[in-house]
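Peer 1: Here you go, one structure.
Bear in mind these aren't lab numbers, they're just calculated from the coordinates by the rules spelled out. What you see is a predicted model; the values in this text were computed from it and never measured. Ideal geometry is used to build each Cβ from the backbone, glycine not excepted, and the neighbour counts take in all protein chains shown.
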């Protein structure tokens, strides 16, 4: 039984998460937990203890070491949670996600695949499902599109802890509890292939009433609108859509939509005196930041709709803050699938944080008042998600140093001109300068556990060493090559070779990884 559970909730093998009840109650009435990520192997015994109810509950990081995942989850804890409504909505829209009840009576909406897929694909589909359910602001797992070397990612507490008495379990279509054995059968029916996941939502025929419309309006208007403030706000936005789509006949279209989608319809005079009168004076934008639209928002998809929000700025949303127990303390902030590493002073100041975000992931933040920024940041810090400092051997600078030393040891050239021969490099021990061609180092790194692209690798080389690009003649050949030597500044490192590698003239043998 445990092997099937591992197959379903398979993820990272080198680290996992735990959450420990502190015994305190939060302001929202929930139990307070301290969470921690452990840099230790994920074993079958951990899964077995989880199913037997031995604390702490096991939290799995969905993204594996190859930056792929097999499951994702929407965490809904905005109360009241309408489990049965979510089940019916998913069924009506042919979405093969499974609704689980969480320990706090919230909802976890799981999407499973039979094969490993990219986290970015999984996250896109989960966002679409969340918007469909009217829970666009819910947490999404995985929180990252990829995990950098040395990082750990975000974990999710698994269901079926203490399987026979669990408070975390799947629900059937009538909202009844599903046993672990029956969940396995449900999983076999619902799990998707990668191709099926890609096609999810794509094969659906577009409703003629909502051609290229904002996804939020399509979802909201699946149900007839009842009297109240939300109905009026919704139809103001419907009018914005219709004016974009039918600039010459939008008023009559609005009256038609009112009769079709409102129960009872708004009075014609009310529509003329409020909505039509306002839109006659000027063009309005969609009220994306306000309810009810914000709960059904899928901004990325909306941008690509002909009558959507256009190419305007999409707010960047912080998803998680991990506290790294280093000296000094560092923070890893997850933003829209990527991560930004910051110090305390950068996290505390929105301007400094915006600079760090631009520098690391090339994304900017709109101006945020410092008091609002700190309130938002404090909410994430209250979750107390601690990550212990990584072992020395796992730190990116140490890993890179070891790989570089191996590379220059395994590709020794007899002299400077040797770098034009195959995958050779040359180390000038007297002047402490290493020479190589980009393709040579890339070919070597591609055969190791190093997964970073050349741009990111070169940025790290510049951070720790003095890296220079050269264009010129090497012997009789004109080529581009690089030189590497001791770095400068607070992050400076130097490659220290145990002893110079001796190379016999005219007897260059293939490097070991070339054989």
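Peer 1: If a/c stays under 1.5 just call it rounded; otherwise compare a/b with b/c (prolate if a/b is bigger, oblate if not). Do that for region 395-514, with a ≥ b ≥ c from the square roots of the Cα gyration tensor eigenvalues.
Peer 2: Values: a/c = 1.44, a/b = 1.37, b/c = 1.05.
Because its axes are fairly even, with a/c under 1.5, region 395-514 counts as rounded.
Peer 1: Relative to 2.2 N^0.38 Å, what does the C-alpha radius of gyration of region 127-266 come to as a ratio? Two decimals please. Let's see the in-between values first.
Peer 2: On the way: Rg = 21.0 Å, N = 140, 2.2 N^0.38 = 14.4 Å.
This ratio for region 127-266 stands at 1.46.
Peer 1: Taking only the alpha-carbon positions of the chain and ignoring solvent, what does the Debye formula give for the base-10 log of I(q)/I(0) at q = 0.07, 0.11 Å⁻¹?
Peer 2: -0.52, -1.06
Peer 1: How would you classify region 2-199 from its alpha-carbon gyration tensor, with a ≥ b ≥ c the square roots of the eigenvalues: rounded for a/c under 1.5, else prolate if a/b is greater than b/c, otherwise oblate?
Peer 2: Here region 2-199 falls in the rounded category.
Peer 1: Hey, another quick one. Report, in degrees rounded to the nearest 10, the 0 to 90 angle that the Cα long axis of helix 229-245 makes with the longest principal axis of the chain.
Peer 2: Orientation of helix 229-245: about 70 degrees from the principal axis.
Peer 1: Compute the long axis of helix 250-261 from its Cα atoms, compare it with the longest principal axis of the Cα atoms of the chain, and write down the angle in degrees, 0 to 90, nearest 10.
Peer 2: Compared with the principal axis, the helix lies near 80 degrees.
Peer 1: Over all distinct Cα pairs, what is the inverse of the mean 1/r for region 423-478, reported as the Kirkwood hydrodynamic radius in Å? Let's see the in-between values first.
Peer 2: Values: mean 1/r = 0.0781 Å⁻¹.
Roughly 12.8 Å, rounded to one decimal.
Peer 1: Ordered by packing density, taken as the mean number of other Cβ atoms within 10 Å over each peptide's residues, highest first, how do 10-21, 456-467 rank?
Peer 2: Numbers: 10-21: 18.8, 456-467: 17.0.
Highest to lowest by the protection proxy: 10-21, 456-467.
Peer 1: Could I ask something else about it? Would you mind computing, in nm to one decimal, how far apart the modelled labels at residue 349 and residue 478 are, each placed 7 Å from Cα along Cα→Cβ?
Peer 2: Output for this residue pair reads 4.8 nm.
Peer 1: How far, in degrees from 0 to 90, does helix 180-190 lean away from the longest principal axis of the Cα atoms of the chain, to the nearest 10?
Peer 2: 90
Peer 1: Sticking with this structure for a sec: So what is log10(I(q)/I(0)) for region 318-389 at q = 0.16, 0.19, 0.20, 0.28 1/Å, when the Debye sum runs over its Cα atoms only?
Peer 2: -0.51, -0.73, -0.81, -1.52
Peer 1: According to the Kirkwood expression over distinct Cα-Cα pairs, how big is the hydrodynamic radius of region 22-88, in Å? Please report the intermediate quantities before stating the final value.
Peer 2: Values: mean 1/r = 0.0648 Å⁻¹.
Across region 22-88, the inverse of the average 1/r is 15.4 Å.
Peer 1: Write down Rg/Rh for region 343-457, rounded to two decimals, with Rg from the C-alpha atoms and Rh from the Kirkwood relation over Cα pairs. Before the final figure, lay out the partial values.
Peer 2: Numbers: Rg = 21.1 Å, Rh = 17.9 Å.
Value, to two decimals: 1.17.
Peer 1: If you average the sequence gap of Cα pairs under 8 Å that are 6 or more apart and divide by the length of the chain, what percent do you get for the contact order?
Peer 2: On the way: 828 pairs, mean separation 57.0, N = 515.
Over the chain, the number comes to 11 percent.
Peer 1: Using Stokes-Einstein with the Kirkwood hydrodynamic radius over Cα pairs, what translational diffusion coefficient do you get for region 261-395 at 37 °C and a viscosity of 0.692 mPa s, in µm²/s rounded to a whole number? Provide the component values of the computation, followed by the final result.
Peer 2: Details: Rh = 18.4 Å.
Taking Rh from Cα pairs, D becomes 178 µm²/s.
Peer 1: Say R0 is 60 Å: what FRET efficiency, to the nearest 0.05, do residue 450 and residue 259 get from their beta-carbon distance?
Peer 2: FRET efficiency, residue 450 to residue 259: 0.45.
Peer 1: Please give, to one decimal in nm, the separation of the simple spin-label points placed at residue 429 and residue 162, each 7 Å out from Cα toward the Cβ.
Peer 2: Rounded to a tenth, the inter-label distance reads 6.5 nm.
Peer 1: Evaluate region 208-303: find the radius of gyration of its Cα atoms, find its Kirkwood radius, and give the ratio Rg to Rh. Spell out each step's value before the answer.
Peer 2: Numbers: Rg = 12.4 Å, Rh = 13.4 Å.
That ratio equals 0.92.
Peer 1: Here is a follow-up. I'd like to compare 51-64, 123-136, 425-438, 246-259: which one has the highest average count of other Cβ atoms within 10 Å, and what's the full order after that? Please report the intermediate quantities before stating the final value.
Peer 2: Numbers: 51-64: 19.6, 123-136: 22.1, 425-438: 17.3, 246-259: 15.4.
Ranked by mean Cβ neighbours within 10 Å, highest first: 123-136, 51-64, 425-438, 246-259.
Peer 1: I've got another one for you. With a 10 Å radius around each residue's Cβ, average the other Cβ atoms per peptide and rank 109-119, 362-372, highest first.
Peer 2: On the way: 109-119: 19.5, 362-372: 10.7.
Going from most to least packed, we get 109-119, 362-372.
Peer 1: While we're here: Would you work out the relative contact order for region 40-172, in percent, from Cα pairs under 8 angstrom that are 6 or more residues apart? Before the final figure, lay out the partial values.
Peer 2: Values: 220 pairs, mean separation 46.9, N = 133.
It rounds to 35 percent for region 40-172.
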